[in-house]
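What follows is calculated from the coordinates using simple rules that are stated; it is not laboratory data. Please read these numbers as outputs of a predicted model, since none were measured by experiment. So basically every Cβ, Gly included, is an ideal-geometry build from the backbone, and we count neighbours across all protein chains shown.
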Amino acid sequence: MDCKILVLGAGGLGCEMLKDLAMCNVREIHVVDMDTIELTNLNRQFLFRESDIGKPKAQVAADYINNWSKKRRELNSGAKRVLAVSYVQDLTSFEPEFFKQFAFVISGLDAIEPRRFVNETLVNITRNTGYSVCIPFIDGGTEGYKGHVKTIVPGITACWECSIDTLPSQQHTYPMCTIANNPRTTEHVIEYALTVQFPNADLDNPNDVNKLLDFSRTRAHEFGIDQTDLTASYLLGIAKNIIPSVSTTNAMIAAACCERATAIYYDLVDIETMDTFTIFNGSNGFFSHSFQYQRNPDCLVCGGL
Amino acid sequence: MERYDRQIRIWGAKAQEVLEDAKVAIFAKNYGEPLVQEVVKNLGLANVGSIILVLKEVHDEGLTENNGFFLSISSMLMGISTDVEVTDWNTFVNKGLPVSIVVTLNLEDPKDIQYISQLRREPLISANVKNEDGIVQLIKLPEPHIIMDTHPDYLVPYLWIDRPWPELKRFYESFDMSQLAENGQLAKVPYPVILYHIVKDRPDGDTWDSNDVKQKIDEKFPNQRDYLNVIEARRFAHLALRTAENDCRQLHEMLDCVCSEMVGKTKWFDLYNHTLAILCLCLKQLLSSSSFCLPSAKDLPDMESSTDIYSRFRSIYQAKEDEDVETFSKLLRTRPESEDISDSTAREFLSSLRRLGVLSCKKYNGEYRIPDPKGPINSPIVVNLAKVSERPTACNYFHASCFIGGLVSQEIIKLITHQHVPIDDVYTYSPDQLR
């Protein structure tokens, strides 16, 4: 594919997307990620090794692809060159002008806000250029054995913001009176430790985590709450809102995102009638469903476009 | 284990151990195929114990035709600790030791599948990709596949309102609802207590639905409608009418299926499956005595209540569960084959009763599906044929191998770990149809 594609995130989905796009011979793949590599990434982020822990994800991933491209050309001189460019910075620090160079933006992010930022930026580019620049935004997401792919062609299909009501609430919230006066579960005592007893805890510092665990255990004991599940790993799952993740789902969702990009690039779809929203669930057998998400005429981002 | 933390959160630490002891045999043509590389990569990342690559064409480093991402076997295996052995078909089919599961990748000839299924006893799953289309098919299951935890998104709780055991009945009866309503203490009571008192005086022969229950709640507590526990009682009114039969139906069906398929089976090659089968037999024996009921404290949801009343409620569940585990363990120990089953496995099994599942045995019936893509050229909605013809096919169809590679790896993991429900037949992937 003779174009430039921007990949958002060099995590589980990002690594898979870089591989898939490199195999599609995309001329330039740019990747943005401000995170560094951790040990818990290595069960799925296959472009990284243990020796890369602590290094910036975007840079290590781009280096991998560039080395790969070089080796491939050594083995086969006819192979196309693929160039990967990395940005170790906050995605929201980019100006709209930066995005205009890309034919597609594909995201493998794990947070809502950067997706909303990119969506709004791309919709505004379409609006401000009178549709002469219209960059499709393909968004992948996973959680455990579940995933989704949303395809947004700004001003033509529903934008990311149009479907914002379909998101589940971001975290469990408990009434303060329950946490303070009537705790019944381990979640309640952990929440109290996090919000009242030790609100400034650094969750990456093992001493702080142990302190939080002590607070939680003492309180669980005080209120006669079963502590069997109350481990550091469980506490961190709640405190950091850790999303379970495995290579298999990431491989599938990244592949589905790249399929969307190639289908649009090669004009295999009619973008006005194509399905724009696909959900996948592999928890019970395997299930996928695609449909066209309708534009919201009152959307605060793409309304009126 | 920290490296695998994110996936252990999907299937649990025990399943990860099972995975790390497992052996997967992959039948394929050569390792240069994208699908083969994807499956090895995914299983390696998950840390499957060992993989035997059974290839028609065995090569050393360097392939004449490599359409995959990894340019050599060594780059494919870099960073993963799974033990990978490469061998040829005849050696493995005839002399290979038993493995956990056999997989065939991109074998188009049904005779190959017939040959492998006849000579190997293991569960057999196949995956094929052609152009953009792919198929994953469960070909053979020589023994019933028992699922320790199906991980449903939501489990309908059963509150034992129709058939409380004596301690639970005493707990429910210890509340004087009218008095609690009068002295403002009703808010402290968990909603199952409210539901119990609403339905206990129902005249014999009256059939109620959940709306009747809601109406009775409104009549009995007209001034407490905004209490959070009364709101919960209305919301979960249907649980007041759930019976032990409703609760157990699926479990009984599952046990019947396992036990009938176990008749005459003496040799099991999947040890974990064998363990689960013995536990199922023992459970069926136990459930045949009518006095036995099996609540699980883990299944009791959180609910509005004062801490001490909720703790009492939960401890009654816990005490009953402990008693049941003891009874169950005693019965289990009367079976000679139970020697290797630990008490903790028995306890885990009992606490996931409502999440057990089974796939029946499956014989290879000769129906082998391979993709039959029409291709984008024939698609009625192609807009720009010129662009399609310039499309370098092998590269741009790569995503199909990644998708199917991800899916078949996931199914292999489900079959090995006995967590989540595997595909029991065929899944077809055809992105062209989406267009």
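Evaluate the charge dipole of chain A about its Cα centre and quote only its size in Debye, nearest 20, assuming +1 on the Cβ of each Lys and Arg and -1 on the Cβ of each Asp and Glu.
Details: 26 positive and 36 negative charges, 171 e Å.
Dipole of chain A, to the nearest 20 debye: 820 debye.
Give, in nm to one decimal, the length gained when the segment between A:T228 and A:Q101 is fully stretched (0.36 nm per residue of separation minus the Cα-Cα distance).
Values: separation 127, 0.36 × 127 = 45.72 nm, distance 5.38 nm.
Extra length from A:T228 to A:Q101 when fully extended: 40.3 nm.
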Placing each pseudo-label 7 Å from Cα in the direction of the beta carbon, A:E113 and B:S74 end up separated by a distance in nanometres of 4.6 nm
In the range A:140-278, taking the dipole from +1 charges on Lys and Arg beta carbons and -1 charges on Asp and Glu beta carbons about the Cα centre, the listed residue (A:L213, A:G155, A:A239) farthest towards the positive end is A:L213
Using eta = 0.890 mPa s and T = 25 °C, Stokes-Einstein with Kirkwood Rh from Cα pairs puts D for chain B, in µm² s⁻¹, at 97 µm²/s
If exposed means chymotrypsin sites (Phe, Trp or Tyr not before Pro) lying in a DSSP loop and surrounded by at most 14 other beta carbons within 10 Å, then the longest stretch of chain B lacking such sites spans residues B:1-153
Shielding of B:418-431 by other chains, given as the mean Cβ count within 10 Å, works out to 3
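Return one quarter of the surface area of the convex hull spanned by the alpha-carbon atoms of the protein assembly as shown, equal to its mean projected area, in nm². Before the final figure, lay out each step's value.
Numbers: hull surface 142.0 nm².
Its average projected convex-hull area is 35.5 nm².
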With R₀ set to 35 angstrom, the calculated FRET efficiency between the beta-carbons of B:S210 and B:A13, to the nearest 0.05, is 0.35
Given pairs B:K41/B:K111; B:K23/B:K265; A:K80/B:K41; B:K265/B:K414; A:K57/B:K14; B:K298/B:K330 and cut-off 26 Å on Cα-Cα distance, the over-length ones are B:K41/B:K111; A:K57/B:K14
Expressed as a whole number, the average count of other chain Cβ atoms within 10 Å around the Cβ atoms of A:215-221 is 0
Placing each pseudo-label 7 Å from Cα in the direction of the beta carbon, A:T195 and A:I164 end up separated by a distance in nanometres of 2.3 nm
GNM on chain B, Cα springs under 10 Å; top mean-square fluctuation among B:V213, B:V24, B:V102 goes to B:V213
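How large is the charge dipole for the range A:166-305, taken about the Cα centre, if only the Cβ atoms of Lys, Arg (+1) and Asp, Glu (-1) carry charge, to the nearest 20 debye? Write out the running numbers ahead of the final one.
Values: 7 positive and 15 negative charges, 62 e Å.
Value, rounded to 20: 300 debye.
Round to the nearest 0.05 the FRET efficiency obtained for B:R121 and B:E253 when R0 = 22 Å and r is the Cβ-Cβ distance.
Details: r = 27 Å, r/R0 = 1.22.
Computed FRET efficiency for B:R121 and B:E253 comes out at 0.25.
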Distance in nm between A:H221 and B:D308 label points, each 7 Å along Cα→Cβ, equals 2.0 nm
In whole angstrom, the spacing between the Cα centers of the range A:124-175 and the range A:211-277 equals 17 Å
With the dipole of the range B:166-241 defined by +1 on each Lys or Arg Cβ and -1 on each Asp or Glu Cβ, the option from B:L186, B:T207, B:L228 whose Cα lies farthest towards the positive pole is B:L228
Evaluated at 25 °C and 0.890 mPa s, the Stokes-Einstein D of the range B:245-359 based on the Kirkwood radius over Cα pairs, in µm²/s, stands at 160 µm²/s
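If the only charges are +1 at each Lys and Arg Cβ and -1 at each Asp and Glu Cβ, what is the size of the charge dipole of the protein assembly as shown around the Cα centre, to the nearest 20 debye? Provide the component values of the computation, followed by the final result.
Details: 75 positive and 100 negative charges, 179 e Å.
The calculation lands at about 860 debye.
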Least to most buried among A:E16, B:E304, A:E97, by other C-beta atoms within 10 Å and fewest first, runs A:E97, B:E304, A:E16
Sorting B:M262, B:L300, B:L287 by the position of each Cα along the dipole of the range B:245-359 (Lys, Arg +1; Asp, Glu -1; all at Cβ), the one nearest the positive end of that ordering is B:M262
At R0 = 51 Å the Cβ-Cβ FRET efficiency linking B:L228 and A:A79, nearest 0.05, sits at 0.20
